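Colleague: Okay, handing you the structure first.
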Amino acid sequence: MNCADAVARIAGTLVKEALWDGERATWFGDEIVPDASGGGTPVYRAVGGDLYGGTAGIALFLARYAAVADDDAAARTARAALAHAVTWVDRTRPDGSLLSGAAGVAAAALDLAHLLGDEHHALQAARLMRVAVRHMPAAVDLVAGRAGSLLALLHLARGLPEADDRALAAASADAAAAGLIAQSRPGPVTGRCWPSDAAPDGPALCGLAHGASGVALALLEWGPADPRALRIAEEAAAFERSWFSEEQGTWADLRDLTPEGGDVAWPSLWCHGAVGVGAARLRHYDLTGREVYAAEAGAAVDAALRLHASMVRHPSALDLSICHGLAGAVELLLDAAAVFGQPVLRMMAGEAVEIALDLVGEGEWPCGVPGGGENPSLFLGLAGIGSALLRVVDARVPSTILAYAGGAVSARVIVQLTGPPGNLRERVEAVRGAVPGARVERVSPRGRILLRLPAGADVQAALTVLGGSDGVDYAELDTADTAQEP
């Protein structure tokens, strides 16, 4: 079974197993329900409507698949899944979080409007955005807190059709960002961090889903040129750097650490550890051009490859989910291939998928429910596995692990050197250094440089500086190759 066939199989399974009620559809699957021991028990039940584990996330995958494969059944089921998610918001009144609340359903509705050409979904997105801003979460993290809300609001502020709705989303994003900045606190050793939502009196956490990386990512998306956002992102990275282990090659999971002791774990997953932190650092590098972020993202890529190797050695532990399995690692490799301009990483992602597909065969998909069976959702199950595989098939499909980060665009500019291209390496480095954070993407033998600016750069000012540099004939915006999705 090749990758394209696997995606089609997953989409077909979701279409076939959908349970319909009029114009709405939902699914059953195994989920972990917490028990009195502090652990959890797998329970087979209907999913909710959220983006992480419910019908909004399933709708998003099916809509992306339908757009790529021109599959009418997937499109119809995606619309029905979103209808269920909208009803879930109206009936249960969740908070305005991204992965567990109304903001994520609003963002998914806007995406379906674009993917499937349904104006009705854009109107739903606007209404749900207003619900979300009236019920902003008290938590701070990316999954269930204001960091995730901020990412969703930025997405909505860019894409909603009505100016008044865009303005409300933008103003609400500003308020969320201000609150996150104010709530940061000094780290125990260095940097800044945020209190854990699960245990406010416990240690501040590392990581994308529940820790400093997620909040810093949201703030940097909000203000890539804002000194406060840049400083907070730097200090959050410094806090997490103090918890990086060279020996383990990843960042600490501090959930079980207490003043009396406890264990520190060293995972390499999206929710905790290298895959999530690495995704954030890739985006930090994309926005700022700072090499320290590139180095940390590189360490995360190495950890993702080790995670794959470990699962291959121990197939009984194979987990293909986004949240804490191989799909998250594959997405990190795909994102790194795009940001670093290294096609070999994309090839390695494809090879990792091929090996996993051979292990799965025609059996059940190993999902992120310990002790349980298949789950249909985006971050724990089939929709997320399908999303990662779809990205291997089609590079235009956006990242799932970045959870609506990636909206701040960076620009590419062309710089033409004068005269014969002698001392080309030194001259290219001089051009790159003229704009802090700029990255060289390509250089022709005749001295034509394709330079990528950081997202926070003033493009016109950069063109003026570059065009006036010694040994430069001209500098102009590369309008045919502007980075719409960094």
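The values are calculated or read from the model by the stated rules, or taken from the named source; none is laboratory data. Being a predicted model, the structure only gives us computed values, none of them experimental. Methodologically, a virtual Cβ is constructed for each residue, glycine included, from the backbone with ideal geometry; neighbour enumeration extends over all protein chains shown.
Colleague: When region 330-342 is examined, which residues are found to be without any contact (Cβ under 8 Å) to a residue 24 or more places away in the chain and in a loop (DSSP other than H, G, I, E, B)? Even if it seems obvious, please write down each step before you answer.
Modeller: Just the residues of region 330-342 that are without any contact (Cβ under 8 Å) to a residue 24 or more places away in the chain, to begin with: 337, 342.
Across region 330-342, the qualifying residue is only 342.
Colleague: Scan region 151-170 and give yes if some residue there is hydrophobic (A, V, I, L, M, F, W, C), surrounded by fewer than 24 Cβ atoms within 10 Å (Cβ to Cβ) and at pLDDT below 95, otherwise no.
Modeller: Within region 151-170 (the criterion being hydrophobic (A, V, I, L, M, F, W, C), surrounded by fewer than 24 Cβ atoms within 10 Å (Cβ to Cβ) and at pLDDT below 95), the answer is no, since none of the residues qualifies.
Colleague: Here is a follow-up. Only one of these is among the acidic types (Asp, Glu), in a loop (DSSP other than H, G, I, E, B) and in contact (Cβ under 8 Å) with a residue 12 or more places away in the chain: 364, 374. Name it. It would help to see each step written out before you state the result.
Modeller: Working: 364 fails: in contact (Cβ under 8 Å) with a residue 12 or more places away in the chain.
Only one candidate qualifies: 374.
Colleague: Okay, next question. Any residue in region 86-101 that is buried (at least 22 other Cβ atoms within 10 Å of the Cβ), within 22 Å of the chain's Cα centre (by Cα) and not in a loop (DSSP other than H, G, I, E, B)?
Modeller: Within region 86-101, not a single residue is buried (at least 22 other Cβ atoms within 10 Å of the Cβ), within 22 Å of the chain's Cα centre (by Cα) and not in a loop (DSSP other than H, G, I, E, B).
Colleague: May I pose another question? Would you confirm whether or not region 64-80 contains a residue that is within 30 Å of residue 140 (Cβ to Cβ), crowded, with 18+ Cβ neighbours inside 10 Å and without any contact (Cβ under 8 Å) to a residue 60 or more places away in the chain?
Modeller: Residues of region 64-80 that are within 30 Å of residue 140 (Cβ to Cβ), as a first pass: 64.
Keeping just the survivors that are crowded, with 18+ Cβ neighbours inside 10 Å gives 64.
Applying the additional criterion that residues be without any contact (Cβ under 8 Å) to a residue 60 or more places away in the chain yields none.
No, region 64-80 contains no residue that is within 30 Å of residue 140 (Cβ to Cβ), crowded, with 18+ Cβ neighbours inside 10 Å and without any contact (Cβ under 8 Å) to a residue 60 or more places away in the chain.
Colleague: Hey, among the residues in region 233-283 that are in a strand (DSSP E or B) and within 25 Å of residue 388 (Cβ to Cβ), which one's farthest from the chain's Cα centre (by Cα)? Reasoning before the result, please.
Modeller: Narrowing region 233-283 to residues in a strand (DSSP E or B): 244-245, 250-251, 253, 258, 261, 265, 268, 273.
From what is left, the residues that are within 25 Å of residue 388 (Cβ to Cβ) are 250-251, 253, 265, 268, 273.
Values: 250: 18, 251: 18, 253: 19, 265: 23, 268: 16, 273: 14 Å.
Among those residues, the one meeting the criterion is 265.
Colleague: List, please: which pairs have Cβ atoms under 7 Å, are six or more places apart or on different chains, and start with a residue in region 305-324 that is in contact (Cβ under 8 Å) with a residue 12 or more places away in the chain and of a type in the set (S, T, N, Q) and end with one that is assigned to a helix (DSSP H, G or I) and crowded, with 16+ Cβ neighbours inside 10 Å?
Modeller: Short answer, once both residue conditions are applied: 321/327; 321/384; 321/385.
Colleague: While we're on this one: Please work out which residue is surrounded by the most Cβ atoms within 10 Å (Cβ to Cβ), limiting yourself to region 377-411 and to residues that are among the polar types (S, T, N, Q) and part of a loop (DSSP other than H, G, I, E, B). Full working, then the answer.
Modeller: Within region 377-411, the subset among the polar types (S, T, N, Q) is 377, 387, 399-400, 410.
Now narrow it down to the ones that are part of a loop (DSSP other than H, G, I, E, B): 377, 399-400, 410.
Values: 377: 30, 399: 21, 400: 26, 410: 22.
The selected residue is 377.
Colleague: Residues 225, 218, 295, 209: which one is farther than 22 Å from residue 457 by Cα, out of contact with any strand residue (DSSP E or B) (no Cβ under 8 Å at 6 or more places or on another chain) and not in a strand (DSSP E or B)?
Modeller: On the way: 225 fails: farther than 22 Å from residue 457 by Cα; 218 fails: farther than 22 Å from residue 457 by Cα; 295 fails: farther than 22 Å from residue 457 by Cα.
Of the residues listed, the single one that is farther than 22 Å from residue 457 by Cα, out of contact with any strand residue (DSSP E or B) (no Cβ under 8 Å at 6 or more places or on another chain) and not in a strand (DSSP E or B) is 209.
Colleague: Among residues belonging to region 354-395 that are in contact with a helix residue (DSSP H, G or I) (Cβ under 7 Å, 6 or more places away or on another chain) and of a type in the set (Gly, Ala, Ser), point out the one that is farthest from residue 271 (Cα to Cα).
Modeller: By that ranking, first place goes to 356.
Colleague: What is the number of the single condition among (1) small (Gly, Ala, Ser); (2) at pLDDT 95 or above; (3) crowded, with 16+ Cβ neighbours inside 10 Å that residue 295 does not meet?
Modeller: Against the list (1) small (Gly, Ala, Ser); (2) at pLDDT 95 or above; (3) crowded, with 16+ Cβ neighbours inside 10 Å, residue 295 comes up short only on (3).
Colleague: Here is a further query. How many of the residues in region 445-459 are modelled with pLDDT under 90 and either touching a Ser or Thr at 6+ places or on another chain (Cβ under 7 Å) or surrounded by fewer than 21 Cβ atoms within 10 Å (Cβ to Cβ) (or both)?
Modeller: The total comes to 9.
Colleague: Does residue 286 satisfy the condition of being surrounded by 24 or more Cβ atoms within 10 Å (Cβ to Cβ), more than 21 Å from residue 355 (Cβ to Cβ), assigned by the TED database to the domain that holds residue 195 and at pLDDT below 95? Outline the logic, then answer.
Modeller: Numbers: surrounded by 24 or more Cβ atoms within 10 Å (Cβ to Cβ): yes; more than 21 Å from residue 355 (Cβ to Cβ): yes; assigned by the TED database to the domain that holds residue 195: yes; at pLDDT below 95: yes.
So residue 286 fits the description; yes.
Matching residues to (1) within 17 Å of residue 277 (Cβ to Cβ); (2) assigned to a helix (DSSP H, G or I); (3) out of contact with any Asp or Glu (no Cβ under 6 Å at 6 or more places or on another chain):
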{"residue": "305", "(1), (2), (3)": "yes, yes, yes"}
{"residue": "311", "(1), (2), (3)": "no, yes, yes"}
{"residue": "321", "(1), (2), (3)": "no, no, yes"}
{"residue": "324", "(1), (2), (3)": "yes, no, yes"}
{"residue": "328", "(1), (2), (3)": "yes, yes, yes"}
{"residue": "344", "(1), (2), (3)": "no, yes, yes"}
{"residue": "349", "(1), (2), (3)": "no, yes, yes"}
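Conditions (1) within 30 Å of residue 225 (Cα to Cα); (2) modelled with pLDDT of 95 or more, marked per residue:
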{"site": "379", "(1), (2)": "no, yes"}
{"site": "389", "(1), (2)": "no, yes"}
{"site": "410", "(1), (2)": "yes, no"}
{"site": "419", "(1), (2)": "no, no"}
{"site": "438", "(1), (2)": "yes, no"}
{"site": "463", "(1), (2)": "yes, no"}
